[in-house]
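Read-outs: derived from the displayed coordinates by stated rules, not from any lab. Remember, it's a predicted structure, so these values are computed and weren't measured experimentally. Glycine also receives a Cβ, built like all others from the backbone with ideal geometry; neighbour counts cover every protein chain displayed.
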């Protein structure tokens, strides 16, 4: 898909904006990986170091927003370019929130370190692996302008939801049977919730890619997040 503008300066600003999004995405992807490493290896210092990385991600969001506003004001773009710039700002917001989720995971690592880790983690690392792949593929789809790859990210969210439910039920059974301390189960459940939300944000990124490329809004397909409360009339 070739798009050329008579003004090379405008093209350079779009390229710079795209590069900033890629750098931010790389930072938050690294934060997820480090958070999970801290969890599995019971590394409290790594968890604390990862938390400190969030300042740079927060600054990334501010800089991307500012750059988007400046480009809009200066060039008044239309069609594809307008969609790209407005959704670049939204992508920055989702990436910043993914960074927040990685911070929250590290905070729960601190809780677990204090209360005792217990048995090994099995489904949590698998869940983290999937959401990292979703994030990576959503960003790749953005770079390659690949709608099919973005649509594949949307489908993978079902795997994350299924693992979330398995973890929730398993922890509930262990708490009910008195096998695990409640505090530990709550911390692990929180980690699963944060990973599920990372999956949601990766899904948002993929939806934004589809909108930029096709001009088609695929949000709000009718599926609730598993962390949302059930309807009042549910059994």
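Quick one: angle between helix 79-115 and the longest Cα principal axis of the chain, in degrees between 0 and 90, rounded to 10, please. That works out to roughly 20 degrees.
The GNM of the chain, with springs linking C-alpha atoms under 10 angstrom apart, assigns the highest mean-square fluctuation among 92, 26, 199 to 26. With neighbour counts taken as other beta-carbon atoms within 10 Å, the residues 54, 60 rank, fewest first, as 54, 60.
Annotation: the residues 185, 106, sorted from fewest to most other C-beta atoms within 10 Å of their own C-beta, follow the order 185, 106. Using a Gaussian network model of the chain with C-alpha springs under 10 Å, which one of 34, 82, 195 is most mobile by mean-square fluctuation? Taking springs between Cα atoms under 10 Å, the residue moving most is 82.
How far is helix 8-40 tilted off the main Cα axis of the chain, in degrees rounded to 10, range 0 to 90? Between the helix axis and the principal axis of the chain, the angle is about 10 degrees. Label-to-label distance for residue 155 and residue 122 is 2.8 nm, based on points extended 7 Å past Cα in the beta-carbon direction. When the Kirkwood hydrodynamic radius is evaluated over all pairs of different C-alpha atoms of the chain, what value in angstrom, to one decimal, is obtained? Over the chain, the inverse of the mean reciprocal pair distance is 18.9 Å.
Remark: the residue 48-residue 11 segment gains 9.4 nm on full extension, using 0.36 nm per residue and subtracting the alpha carbon distance.
Compute the long axis of helix 147-176 from its Cα atoms, compare it with the longest principal axis of the Cα atoms of the chain, and write down the angle in degrees, 0 to 90, nearest 10. Tilt of helix 147-176: around 20 degrees. For segment 9-214, the relative contact order works out to 28 percent when only alpha carbon pairs closer than 8 Å and six or more residues apart are counted.
With neighbours defined as other Cβ atoms within 10 Å of a residue's Cβ, the residues 28, 103 order from fewest to most as 103, 28.
Say each of residue 186 and residue 217 gets a label point 7 Å from the Cα, pointing the same way as Cα to Cβ; how far apart are those two points in nm? Placing both labels 7 Å along Cα→Cβ, they lie 3.9 nm apart.
Placing dummy labels 7 Å off each Cα toward the beta-carbon, the span from residue 62 to residue 19 is 2.2 nm.
Multiplying the residue separation of residue 69 and residue 176 by 0.36 nm and subtracting their alpha-carbon distance yields 33.3 nm.
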